[in-house]
Amino acid sequence: MTVAGGGATSRAEGTDELLLDVDDVVKHFPVSGGALDRSHAAVKAVDGVSFSLRAGETLGLVGESGCGKSTLARLVTALHPVTSGHVRFKGQDITSLNRRQLRPLRRSMQMVFQDPYGSLNPRRRVGSILSDPFSVHEHLSRAEVRRRVQELMARVGLSPEHYNRFPSEFSGGQRQRIGIARSLALRPSLIVCDEPVSALDVSIQAQILNLLEDLQAEFMLTYIFIAHDLSVVRHVSNRIAVMYLGKLVETGPTEEIYLSSRHPYTASLLSAVPVADRAFRSERRERIILTGDVPSPVDPPSGCRFHPRCPKAQALCAVQEPVLERKPGDFDGHLTACHFPVVAGEALANASRQTTAVSGSGPAEAVNP
């Protein structure tokens, strides 16, 4: 995949203005009915996550399916109520606001969803879909709304003459452009992109990523970019946060994470990324194979949640939860939640094979981000 601007050198830099502050956010979903019907049981989708985001910055959020990325996105945008913790947007705590109080803030925070087919109403014309933000938040004439909508369509690379077409008449990439146009309508400060390119062909992915980059530079947007593809996240993000089973296990500047990852889980994810660019071939890692399955979020492991699959796990890991903190020798802002972090030159792949042989757990399961 080729992204205009050369990736790391083309990303917009954040300012000193703190736009978003997520403080120890928890979201538990009660479990009822079926085989999992237990008293006080709950799915611990997000379990004590904290991070901050500056205006103009892009935070890449990565992790396996089911780790809580999308739930966290919906907590940040107040689409789900939090179980506990605080989300502060532009200095205002939004976790205790009711629907009416949140309405003015909806202008400033928007989402681009993963599925361009499912996120648009197939029974409505595109012009009508894109008119909704103006109808809800602004009092404009019909002619003015049409003009604004057609300007939006042109800005995201769609023909304004297609104003009256239905979503089914557009390709997947065009539908995602419609979703981006809808999120951009009211000039928000924050856009949460929930895997916006994972359902698209590789060639179309590059076009959408370039569009998002251009819009960020033009409108000073701030992004939370959720993805499985770590090579995509590298190109678009200033910082990266890695989630595992509802918790952040590592966060830091993009190049610092890719070149000097400290958490064994991050290292295993990066080892599975194919390196096609010659400039990055020196970073190629031996594939790290993790054993076992991801534990249930209803009953997560004690201590470090990654310890049942970790090639470096020791007795301490099973009883004491590690703190997300800066390790000796790391740069400011590079935080890791691990008792025994990876050190430079460590053969973690060998440790993984030894762990598999000792445990006798059978065929290992490869992590496929």
In this structure, is residue 217 more than 26 Å from the chain's Cα centre (by Cα), aliphatic (A, V, I, L, M) and loosely packed, with under 15 Cβ neighbours inside 10 Å? no
Take segment 167-223 and flag every residue that is more than 19 Å from residue 70 (Cα to Cα), part of a loop (DSSP other than H, G, I, E, B) and not acidic (Asp, Glu). 170, 171, 185, 186, 187, 188, 189, 220, 221
Among the residues in segment 238-246, are any in contact with a Pro (Cβ under 7 Å, 6 or more places away or on another chain) and more than 18 Å from residue 55 (Cβ to Cβ)? yes
Quick one: is residue 160 assigned by TED's automatic domain parsing to the domain that holds residue 115 and over 27 Å from residue 58 (Cβ atoms)? yes
Out of 236, 242, which single residue is under 16 Å from the mean Cα position of the chain (by Cα), crowded, with 20+ Cβ neighbours inside 10 Å and over 18 Å from residue 340 (Cα atoms)? 236
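Kindly provide the set of residues from segment 76-114 that are of a type in the set (D, E, K, R), in contact with a strand residue (DSSP E or B) (Cβ under 9 Å, 6 or more places away or on another chain) and without any contact (Cβ under 8 Å) to a residue 12 or more places away in the chain, ordered by number.
Residue satisfying the conditions is 93 alone.
The values are calculated or read from the model by the stated rules, or taken from the named source; none is laboratory data. Not measured: the values here are computed from a predicted model. Note that we place each Cβ from the backbone using ideal geometry, even for glycine, and neighbour counts take in every protein chain shown.
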